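What follows is one structure encoded as structure tokens, with my remarks underneath.
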Amino acid sequence: NQTNFSVSVMNINQLKVLKDYNVSKIYIPADLIIHQDISLQDIDKFVSAKINRPEIFLSLPRIIRNKDQKYLSNVANLLNSDMINGVLIKDLDELNYIKNLETKIKKDFDHNLYVWNQTSLNFLKKEADSICAPLELSRYELNDLNDNDIQLIVYGHMPMMVSANCIMKTTDNCNKSNNSFNQSIFDRYKKEHMVFCNCIHCYNEIYNSLPLSLHNEMKNLENDGYYNFRLD
């Protein structure tokens, strides 16, 4: 199999950087489109300018609640667009919702839908077009799954915690703004960890101060037969 790279973006600037690179797939947060930071026309203009047109996947939020019914209706409408090739699913509630739509849209599972062993892999593969390996798997555990089609994240600042307790609200800074990295916390070693405040769905993601970077392992991973890589 030929090595290919997918990219997950969080904002428009990251998407713009990709104009100079060929990637097979781009994950774009549904929040950016639904809250009109970027339009389907903008995305169409972006991918049409590329010789090798990447697939565009909607990336769903980490947490959805009953109050998100209108939001999910907007997601359903977006999935009917010819511009959207698939959806990145991050929990089983979202999988259930997408399945009930009875759409033919492609379904990719993110790293937090845990595939720890052959049983969980076989269970999820019945539903998924692509599965991302958990970040915590060692190389030995990864090879034990015996699935070279699995997607591996090889670069990015990884979320250490998802919290429904809002840091902005705790510090009396909550203004219900759009999603942003406008908070940070410091650990006991004085390292700064950025906090992504998702005010649309009211939760926080706390990111590691140091990025995961497996660039020195790429040749070993390719020698093991892996070819499906992702940059966050």
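The values are calculated or read from the model by the stated rules, or taken from the named source; none is laboratory data. Please read all numbers here as calculations on a predicted model, not as lab measurements. Here the Cβ is made from the backbone with ideal geometry for all residues, glycine too, and neighbour counts use every protein chain on show. We work out accessible area using only protein heavy atoms, side chains counted, and drop any ligands, DNA or RNA first. Shrake-Rupley method; radii C 1.70, N 1.55, O 1.52, S 1.80 Å.
What number of residues within segment 109-143 satisfy the criterion of being in contact with a strand residue (DSSP E or B) (Cβ under 8 Å, 6 or more places away or on another chain), open to solvent by 80 Å² or more (accessible area, probe 1.4 Å) and not in a loop (DSSP other than H, G, I, E, B)?
Residues meeting the conditions: 1.
What's the total number of residues in segment 188-232 that are aromatic (Phe, Trp, Tyr) and either at pLDDT 95 or above or more than 30 Å from residue 74 (Cβ to Cβ) (or both)?
4
What helices (runs of 4 or more DSSP H) completely inside segment 1-66 contain at least 2 residues that are modelled with pLDDT under 95 and surrounded by fewer than 20 Cβ atoms within 10 Å (Cβ to Cβ)?
The qualifying helices (runs of 4 or more DSSP H) are 12-17, 40-48.
Residue by residue through segment 190-204, note down the ones that are assigned to a loop (DSSP other than H, G, I, E, B) and under 18 Å from residue 65 (Cα atoms).
Passing the criteria: 199, 200, 201, 202.
Quick one: is residue 154 touching an Asp or Glu at 6+ places or on another chain (Cβ under 8 Å) and over 24 Å from residue 33 (Cα atoms)?
Considered against the rule, which asks whether it is touching an Asp or Glu at 6+ places or on another chain (Cβ under 8 Å) and over 24 Å from residue 33 (Cα atoms), residue 154 comes out as yes.
Looking at the structure I just gave you, is residue 73 open to solvent by 40 Å² or more (accessible area, probe 1.4 Å), of a type in the set (S, T, N, Q) and touching a strand residue (DSSP E or B) at 6+ places or on another chain (Cβ under 7 Å)? Give the derivation first.
Details: open to solvent by 40 Å² or more (accessible area, probe 1.4 Å): yes; of a type in the set (S, T, N, Q): yes; touching a strand residue (DSSP E or B) at 6+ places or on another chain (Cβ under 7 Å): no.
No, not satisfied.
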